[in-house]
Amino acid sequence: MDIRLESIKFLVTGSTGLVGRQVVKDLVEKNHEVYSCYHQEKPDTGIPVHLDLADYELLTKILQKTKPDVILHLGAMTNVDLCESQPELAMKINSKSTEILVKESAKLKSFFVYVSTDYIFDGKKGMKKESDTPQPLCVYGKTKLEGENAVMNMASSWCIARTSTPFGIHPTKKSFPLWVVENLQNNKKIEVVNDQYTSPTYVPNLSQMLIELGTRQMLGVIHLAGKTRISRYDLALLMTEKLNLNSQLISPTSMESFSWKAKRPRDSSLDVSKANSTLNEKPLSIEESLNSFINDIKSTNKS
Ligand SMILES: NC(=O)c1ccc[n+]([C@@H]2O[C@H](COP(=O)([O-])OP(=O)(O)OC[C@H]3O[C@@H](n4cnc5c(N)ncnc54)[C@H](OP(=O)(O)O)[C@@H]3O)[C@@H](O)[C@H]2O)c1
């Protein structure tokens with residue numbers, strides 16, 4: 001069932017994050033009412049609401065007070081290695097808080113959108129479909145999967161949107177393609193893994209797809225990511241081609257050369273054919289995404 005409303009009351013968690021910031025900006029531009037939930041730093045768009053995902057009483061109170069039509073739950077402990085060293089905190093922030101939010105949203109009959117991750121898969125084989133079985137390798141993936149399970153078991157109407165390596169412009173978070181550009185422009189050598197594959201997702205594209213899910217109240221699990229499966233190394237080379245940078249400064253390396261605390265999936269690319277066939281906002285290819293991202297970099301540098 002497609003439900004289209006003029007102005008919808010949204011509540012967004014993680015509204016200052018890489019993805020959340022864009023989502024709130026886009027929702028406000030579409031004239032929706034937006035409760036912009038933040039933890040440490042006050043957001044510059046939407047109606048700011050302080051929220052700590054570890055404070056369950058506060059979560060309940062905020063939902064009861066705001067009574068949103070749609071909850072976009074993006075807030076999470078996203079540092080994969082930190083999750084590995086602090087599993088209890090990760091469980092609290094990523095899983096238990098989701099359970100609390102979902103329970104309350106069912107009482108309010110709010111539509112619940114949970115943003116999940118490609119890291120719920122083991123990465124042995126990529127281009128995972130929504131129906132494939134999750135098998136997380138690390139605490140981050142496990143805690144996000146617990147969050148998914150809470151949504152499936154407790155929400156009355158819900159959607160789980162899994163994404164992969166989002167990139168975009170943010171005042172404090174440096175996305176991988178921008179890191180590549182800045183190093184090469186400064187003539188610095190970089191090492192980039194060539195044996196780990198994902199589906200890099202351009203944040204403005206992800207934001208529009210998430211908003212469409214929320215406004216149309218589309219049910220079920222869906223993969224919202226970029227259309228292209230690519231390694232970081234090949235992505236870095238693409239940036240050098242597009243900006244005429246020196247590709248000799250990039251050395252390929254393997255995942256084994258990093259002593260990460262958390263185990264990462266080798267191929268966590270996502271099959272986005274469901275999103276492609278059901279959404280009006282289609283997942284972009286890496287070419288389309290990088291072209292837009294380069295324009296964003298140029299306009300940020302100008303202003
Ligand atoms: N980044 C990725 O590579 C990736 C890949 C796949 C899926 N995802 C999923 O996509 C979603 C958005 O990710 P993102 O990249 O935008 O993450 P992000 O930039 O790390 O933002 C996370 C947000 O969560 C908030 N948060 C963290 N702890 C909190 C707490 N205790 N109470 C309230 N808010 C808290 C942060 O606020 P403060 O900074 O103020 O604490 C921040 O606004 C997440 O659910 C993530 O699991 C991310």
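Nothing in this text is a laboratory measurement; each read-out follows from the coordinates by a stated rule. Predicted model, so just to flag it, every value in this text is computed and none were measured. Here the Cβ is made from the backbone with ideal geometry for all residues, glycine too, and neighbour counts use every protein chain on show.
Computing FRET efficiency as 1/(1 + (r/R0)^6) for Glu6 and His50, where r is the C-beta to C-beta distance and R0 is 35 Å, gives about 0.75.
In terms of surrounding Cβ atoms within a 10 Å radius of their Cβ, Thr172, Thr300 rank from fewest to most as Thr172, Thr300. For Ser285, project a label point 7 Å along Cα to C-beta. Then give me every residue of region 219-236 with its amide nitrogen under 16 Å of that point. Flagged as within label range: 226-231, 235. Under 5 Å from the amide H of Tyr35 lie the amide H atoms of Phe10, Leu11, Val12, Ile47, each residue being 5 or more positions distant or on a separate chain, with H modelled from the backbone and absent for Pro and chain starts. Ordered by the count of other Cβ atoms within 10 Å of each Cβ, fewest first, Trp158, Trp260, Trp179 give Trp260, Trp179, Trp158. Remark: Met77, Met91, Met255 ranked as Met255, Met91, Met77, counting other beta-carbon atoms within 10 Å and listing the fewest first. Modelled spin labels at Ser259 and Ser303, positioned 7 Å past Cα toward Cβ, are 4.2 nm from each other. The stretch between Asn276 and Leu108 holds 57.4 nm of extra length on full extension. This uses 0.36 nm per residue minus the Cα-Cα distance. Kirkwood radius and radius of gyration were both taken over the C-alpha atoms of region 71-166, and their ratio Rg/Rh is 0.96. For Asp195, the residues whose amide H sits under 5 Å from its own are Met255, ignoring neighbours fewer than 5 places away on the same chain, with H placed 1.01 Å from N.
Counting only Cα atoms, the chain measures 57, 40, 38 Å along its principal axes, largest extent leading. Figure legend: label point modelled 7 angstrom from the Cα of Met152 along Cα→Cβ; residues of region 180-220 with amide N under 16 Å from it are 219-220. Listed values for region 165-179 are Karplus-derived 3J(HN,Hα) couplings in whole Hz (6.51 cos²θ - 1.76 cosθ + 1.60, θ = phi - 60°), namely 5, x, 9, x, 8, 8, x, 10, 9, 8, 6, 3, x, 6, 4, and x replaces Gly and Pro.
Residue-normalised convex hull volume from the C-alpha trace of region 188-255: 103 Å³ per residue. Each residue of region 39-50 was assigned a 3J(HN,Hα) from its phi angle through the Karplus expression (A = 6.51, B = -1.76, C = 1.60, θ = phi - 60°), giving 10, 9, 10, 5, x, 9, 10, x, 8, x, 9, 6 Hz with x at Gly and Pro. Rounded to whole numbers, the Karplus 3J(HN,Hα) couplings from phi for region 60-65 are 4, 4, 4, 5, 4, 6 Hz, using 6.51 cos²θ - 1.76 cosθ + 1.60 with θ = phi - 60°, and x at Gly and Pro.
Across q = 0.28 Å⁻¹, region 105-149 modelled as identical point scatterers on its alpha-carbon atoms has Debye log10 I(q)/I(0) values of -1.01, in the order of the q list. For region 176-217, applying the loop criterion from DSSP together with a ceiling of 10 other beta carbons within 10 Å to the trypsin sites (Lys or Arg not before Pro) yields Lys188.
Considering only Leu219, Pro283, Asn246, the residue lying farthest towards the positive end of the dipole of region 175-303 is Leu219, judged by Cα position with unit charges set on Cβ. The alpha-carbon positions of region 158-297 define a convex hull whose volume is 124 Å³ per residue. Distant-in-sequence amide contacts of Phe111, defined by a placed amide H-H separation under 5 Å and a gap of 5 or more residues or a different chain, comprise Val70, Ile71.
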